[in-house]
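Participant: After the C-alpha cells below, expect a handful of questions from me.
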Amino acid sequence: MSSTAPKSPAVHNLDSTPASPPLAAASATNFVLGESVEMPSSTPQCRGYDFNQGVDVAKIMDAMMTTGFQATNMARAVEEIRRMRRWRLSDTEWKEGDDPELKDPAVRKSIRAKIFFSYTSNQISCGQREVIKFLVQHKMVDVLVTTAGGIEEDFIKCFRPTYMGDFSKYKGKDLRLKGINRIGNLLIPNNNYCQFEDWFAPLLSKMHDEQESTGKFWTPSTMIERMGKEIDNEDSVYYWAAKNGIPVFCPALTDGSVGDMIYFHSYKRSGFVLDIAGDITKVNDAAVRSHATGMIILGGGLVKHHTCNANLMRNGADFSLFINTGQEFDGSDSGARPDEAISWGKIRITAQPVKLYAEATLVWPWIVAETFAKDFDEEKWKEEI
C-alpha cells in the first residue's frame, strides 16, 4: 500500500498569505460568475400578470402558474381538480379479463372519478360553508368527510347566525362571562347552541325509539343523513347531502355538541348506540369500488387521515390536492406532504399530487371559481367537463 496520503480537496486556508490583488479578483470573479448550463428550451419562464392588460380574473389565475411560490401551487391545484373532473373510464382501454359490462365505450365514457371532499370544522364555521354547499347542492363531489363541528355548526346556522368578531379585540374571560364563544375572528353566542340542542334532543329520542323498534344501530353517516332530512333548510350543506344521496363520514361525531347531547341523553335513558364500525366499512368500500378517485382535503388532522386511509384500501388515490398550513418537521400527518402519503400507498405512485400551503379561506373560493363554478350549467356540467 502506498504511503502517499490522498490529496484533499482545495480549501481556503484562513491562515495563509492572502493572494495578490489581481489574483484575488480573478478568483472572486470565478466564484461569483461561474458558468451555468443552458436551461432546456421547454422550461417555463417566471412571469406574473401585467395589469396593463386590464383586470381579467381568469388571466390573473392563469398567470399564477408562472408567478412562483404558492401562486404556482395554486395554479397547479386548479389543474389537479380539472384533471380529476375530466377523467373517464374511457381514458383506459378495456382488456381481456375486465368486466364485460364495462366494454361498451359509451358506458366507459359515463364513469367518472369519485371525488372525496374533506374539510375541518372551521370551514363550516366561516363563510366557506356557502362554497361547500354549492358543491354538494349540485352533486359535484361524491363523498364528504368532516369533524363534529363541521356537522353541528351547519345546522346551528339554520337557526341563528355566526357573527364577525376580531382575533385580538376581545378577552376570553370577558366573552366567557357574556356567554359568547370565539372561533378565530368569529363570534358564536351560547344561545346558538341552545337552540340547536332544543331541536336535536327530541330527534335523538326519536332515533333511540327507532333503534329499539328495528334493532338497527345508527352510524354517524346515517345520523347525519337523518339530521339533513329533518332540518328541511336549503341553506344547509347536509340538507343537500341527504337530498342528493351524498354520504357524510364523521368518525368523531361525538366530539362536540352532538356528543354532549348524547351524554346528557344517556343519563335520562340508556342504550343508545352510535356504531362507527359500520361507517368504516362504508367509507372504505366507497374507495375500493371506484375505478378512479380524487381527494380534495382542506385542513389536516382526522379528515385528512381518514380520507387518505380509505384510499389506501385501493392502493391510493389517482388525484390529490391538500390545502393546509401544516409543516412536516414534527412528523404530524396534518403537515405531511403528498410524497409521504405515496410511501404509505394512500396516493398512487403514478399520481401528480399537489400541496398548496395556504389558509383555505384565502384560496378555496378562487379555486372553485376556476373549476367547479366556471361556466357552470346545472344540467350540462357533467357531460361537458
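The values are calculated or read from the model by the stated rules, or taken from the named source; none is laboratory data. Note that the coordinates shown come from a computational prediction; the quantities given were computed from them, not determined experimentally. Using ideal geometry, Cβ is built from the backbone for each residue, glycine included, and neighbour counts are taken over all protein chains shown. Side chains are part of the model used for accessible areas, which takes the heavy atoms of the whole protein and leaves out ligands, DNA and RNA. Shrake-Rupley method; radii C 1.70, N 1.55, O 1.52, S 1.80 Å.
Participant: With a cut-off of 8 Å between alpha carbons and a minimum separation of six or more residues, what is the relative contact order of the range 41-182 in percent?
Facilitator: It rounds to 15 percent for the range 41-182.
Participant: What lysines sit close enough to LYS268 to cross-link, taking a C-alpha to C-alpha distance under 20 Å and skipping anything fewer than 8 places away on the same chain?
Facilitator: Output for LYS268: LYS206.
Participant: Further question: Report, by chain and number, residues whose modeled amide H sits under 5 Å from the one on LEU187, excluding near sequence neighbours (fewer than 5 apart, same chain).
Facilitator: Excluding prolines and chain starts, which carry no amide H, the hits are TYR163, MET164, GLY165.
Participant: Which residues' amide hydrogens lie under 5 Å from the amide hydrogen of VAL145, considering only partners 5 or more residues apart or on another chain, with H built in the peptide plane?
Facilitator: PHE117, SER118, TYR119, PHE249
Participant: Hey, what number do you get for the chain at 222 nm if only DSSP H runs of n ≥ 4 count, each worth -39500 (n - 2.57), divided across all residues, to the nearest 500?
Facilitator: -13500 deg cm²/dmol
Participant: Could you give me the ³J(HN,Hα) list for the range 116-131, computed from phi with Karplus coefficients 6.51, -1.76, 1.60 and θ = phi - 60°, whole Hz, x at Gly and Pro?
Facilitator: Values per residue, Gly and Pro as x: 8, 10, 10, 7, 7, 5, 5, 6, 8, 4, 9, x, 5, 3, 5, 5 Hz.
Participant: If the reach is capped at under 18 angstrom between alpha carbons, list the lysines near LYS304, excluding any in the same chain fewer than eight residues apart.
Facilitator: Once the sequence-local lysines are set aside, what remains near LYS304 is LYS114, LYS282, LYS346, LYS355.
Participant: Of the DSSP beta bridges with both residues in the chain, give the percent that are antiparallel, rounding to the nearest 5.
Facilitator: Given both bridge residues lie in the chain, the antiparallel proportion sits at roughly 25 percent.
Participant: Determine the principal axes of the Cα atoms in the chain, then give the extent along each, sorted from largest to smallest and rounded to whole angstroms.
Facilitator: 95, 68, 65
Participant: Once you sort the root eigenvalues of the Cα gyration tensor of the range 166-320 as a ≥ b ≥ c, which label holds: rounded (a/c under 1.5), prolate (a/b larger than b/c) or oblate (the other case)?
Facilitator: oblate
Participant: Determine the share of the chain's accessible area contributed by carbon and sulfur atoms, expressed in whole percent, with a 1.4 angstrom probe.
Facilitator: Within the chain, the accessible surface is 53 percent carbon and sulfur.
Participant: Give the shape of the range 262-350 as rounded, prolate or oblate, defined through the alpha-carbon gyration tensor: a ≥ b ≥ c are the square roots of its eigenvalues, a/c under 1.5 means rounded, and otherwise the shape is prolate if a/b is larger than b/c and oblate if not.
Facilitator: oblate
Participant: If you don't mind, another one. Show the residues, 5+ positions off or on another chain, whose built amide H is closer than 5 Å to the amide H of TRP218.
Facilitator: Amide H to amide H, under 5 Å and 5 or more residues apart or across chains, TRP218 pairs with VAL273, ASP275.
Participant: Which loop GluC sites (Glu not before Pro) in the range 195-234, with loop taken from DSSP, have no more than 13 other Cβ atoms within 10 angstrom of their Cβ?
Facilitator: Counting only loop positions with at most 13 other Cβ atoms within 10 Å, the GluC sites (Glu not before Pro) in the range 195-234 are GLU234.
Participant: Quick check: the distance between the Cα centres of the range 344-374 and the range 28-48, to the nearest angstrom?
Facilitator: Using only Cα atoms, the two centres lie 31 Å from each other.
Participant: While we're here: Just the accessible area per residue of the chain, please: how many Å² with a 1.4 Å probe?
Facilitator: Averaged over the residues of the chain, the accessible area is 57 Å².
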